[in-house]
């Protein structure tokens, strides 16, 4: 069992719950702080209109959900990449295990928190009328239901894989690891949702975000697979 897993399982249940709550709180705070960064990825017309509309208008919720969605995806991409860096042990020697794990938790819960804001803001949208069923049941919404549905499924998988860390001891290392592979499905689903349902997905900045994060995650995944095979070969020949 890895050092990271051993250190985590040594923590009492109260400390694990405390870590969970702190990670959630910090993730939400960080997400709110960087919410404005989402506007950087919006097209120039949206930025101009947003700057002109300093007060609350009928478009505010639309700008807010787009910004929150962008930041949520950015945090999810960072969480996925950080998780791959952890599992491939690239940062093992440079970052303490407890700190790297906490960082992974903050990014994951931050992504979930911003996704919740992204979803909630749609209830106040003035162009489409959304109900709670539209937002939580896949493939029934008024706007591009197939790709929004893929995003909803991705959100559920994000929540499941993030929450599963706190069941790690009960599930066992092997079962937990297999369950955690759903992170890749979640990332792919959310990426597809962003590309196909996002109104800004054709902008150069959003394309750079999607392609950059996707290719980086793909590269690290292949690196992890090859490094794992090499380590297994060395153990057999040792």
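The values are calculated or read from the model by the stated rules, or taken from the named source; none is laboratory data. Only a predicted model underlies this, so the values are computations on that prediction, with no experimental measurement involved. Here the Cβ positions follow ideal geometry from the backbone for every residue, glycine too, while neighbour counts run over all protein chains shown.
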Does region 151-162 contain at least one residue that is part of a helix (DSSP H, G or I) and without any contact (Cβ under 8 Å) to a residue 12 or more places away in the chain?
yes
Keeping to region 170-184, report how many residues are in contact with a helix residue (DSSP H, G or I) (Cβ under 7 Å, 6 or more places away or on another chain) and either farther than 22 Å from residue 84 by Cα or loosely packed, with under 14 Cβ neighbours inside 10 Å (or both).
1
Answer yes or no: is there a residue in region 67-75 that is surrounded by fewer than 20 Cβ atoms within 10 Å (Cβ to Cβ), in contact with a helix residue (DSSP H, G or I) (Cβ under 9 Å, 6 or more places away or on another chain), within 28 Å of residue 202 (Cβ to Cβ) and at pLDDT 90 or above.
no
Within region 130-138, can one find any residue that is within 22 Å of the chain's Cα centre (by Cα), in a loop (DSSP other than H, G, I, E, B) and without any contact (Cβ under 8 Å) to a residue 24 or more places away in the chain?
yes
Taking residue 140 as meeting all but one of (1) at pLDDT 90 or above; (2) surrounded by fewer than 14 Cβ atoms within 10 Å (Cβ to Cβ), write down the number of the exception.
(2)
Out of (1) within 14 Å of the chain's Cα centre (by Cα); (2) at pLDDT below 95; (3) surrounded by 14 or more Cβ atoms within 10 Å (Cβ to Cβ), the one residue 121 does not meet is (1)
